[in-house]
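Have a look at the structure below before the remarks.
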2 protein chains.
Amino acid sequence: MSDRDDAVWKSLGEFIKAQRELANLSLRQLAELAKVSNPYLSQVERGLYKPSAEVLKNLANALHMSAETMYGQAGLLDEDSKGAAPHGVENAIKLDPALSQDQKETLIRIYRGFTER
Amino acid sequence: MSDRDDAVWKSLGEFIKAQRELANLSLRQLAELAKVSNPYLSQVERGLYKPSAEVLKNLANALHMSAETMYGQAGLLDEDSKGAAPHGVENAIKLDPALSQDQKETLIRIYRGFTER
DNA sequence: ACTGTATGCTAAGTTTACCAAGCACACGCT
DNA sequence: AGCGTGTGCTTGGTAAACTTAGCATACAGT
């Protein structure tokens, strides 16, 4: 059950702290901007807690950076993950509200038939 | 204060369920792939809980989609990342370097057949 | 009939993200 | 000397994410 991603989350805290100081913000100032309490932000910066995605998004906004960058630093953006990137077609199909589930299934099956060899 | 997110999270559960069924996975199968318990996944799909970013990432991996797409559907990407274009499917097909011209035409023809009445 | 197994759901519990209140130190003021 | 305000940190508590054990149905072998 134990995770060994400690280093990942610890460095996330250091990253946030670095960005905060780079923006010349105090703990409380950033906490208010990101709509979290200041003790909690302190604990996040020291790696005691893993902030939720919602908090990360607010922090990213407060620090004027994209949420993707934040998630990437948090280690939950799957660095190179297996074949997610080159499949823009599949994602577009899956997200299209004009298609029924059966139709999506059909299209994806055909698409995979084309791309697999 | 957080009521305005309800619709977002509710649809996230439906989205996950749709993707799961699209991949022909049972609740337990997807739960195992995403390293969560199956009752929890059931509750997530019905909108009772907001999955954490880590769970979201694992779910995205298990469903062969990018984590960004997942976060986008979950509504916790910056609001500047706007909603998917209604006809992103055709563009994605045209831009896919893995498809031949014939294959692109075939896919687009099928897609249009689906979306026309 | 009677298992065995697959499906999803419920109940009860543990863990943890997160907050409100307050502590301790440092730096200006008057 | 005080007083006020800024900094980050600690302490208790609550709510929600998440798990383990188990229920109920449905469908396949004997």
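Below, the figures for the structure above:
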read-out: Hits in region B:24-56 (condition: within 14 Å of chain A (Cβ to nearest Cβ) and more than 9 Å from DNA strand C (Cβ to nearest atom)); value: B:Asn24, B:Leu33, B:Ala34, B:Lys35, B:Val36, B:Val44, B:Tyr49, B:Lys50, B:Pro51, B:Ala53, B:Val55, B:Leu56
read-out: Counted residues, region B:8-50 - those being in a loop (DSSP other than H, G, I, E, B), of a type outside the set (Lys, Arg) and more than 8 Å from DNA strand D (Cβ to nearest atom); value: 6
read-out: Tabulated pairs, region B:23-47, first at positive phi, second open to solvent by 50 Å² or more (accessible area, probe 1.4 Å), C-beta under 8 angstrom, 6+ apart or interchain; value: B:Gly47/B:Lys10; B:Gly47/B:Glu14
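Every residue, every condition in (1) modelled with pLDDT of 90 or more; (2) surrounded by fewer than 18 Cβ atoms within 10 Å (Cβ to Cβ); (3) polar (S, T, N, Q); (4) in contact with a strand residue (DSSP E or B) (Cβ under 7 Å, 6 or more places away or on another chain), yes or no:
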site: A:Arg4; (1), (2), (3), (4): no, yes, no, no
site: A:Lys10; (1), (2), (3), (4): no, yes, no, no
site: A:Glu32; (1), (2), (3), (4): yes, yes, no, no
site: A:Tyr40; (1), (2), (3), (4): yes, yes, no, no
site: A:Thr69; (1), (2), (3), (4): no, yes, yes, no
site: A:Ala74; (1), (2), (3), (4): no, no, no, no
site: A:Asp78; (1), (2), (3), (4): no, no, no, no
site: A:Pro86; (1), (2), (3), (4): no, yes, no, no
site: A:Gln101; (1), (2), (3), (4): no, yes, yes, no
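The values are calculated or read from the model by the stated rules, or taken from the named source; none is laboratory data. Please read all numbers here as calculations on a predicted model, not as lab measurements. We place every Cβ from the backbone using ideal geometry, glycine too, and count neighbours over all the protein chains shown. Calculation scope for accessible area: heavy atoms of the full protein, side chains included, ligands and nucleic acids excluded. Shrake-Rupley method; radii C 1.70, N 1.55, O 1.52, S 1.80 Å.
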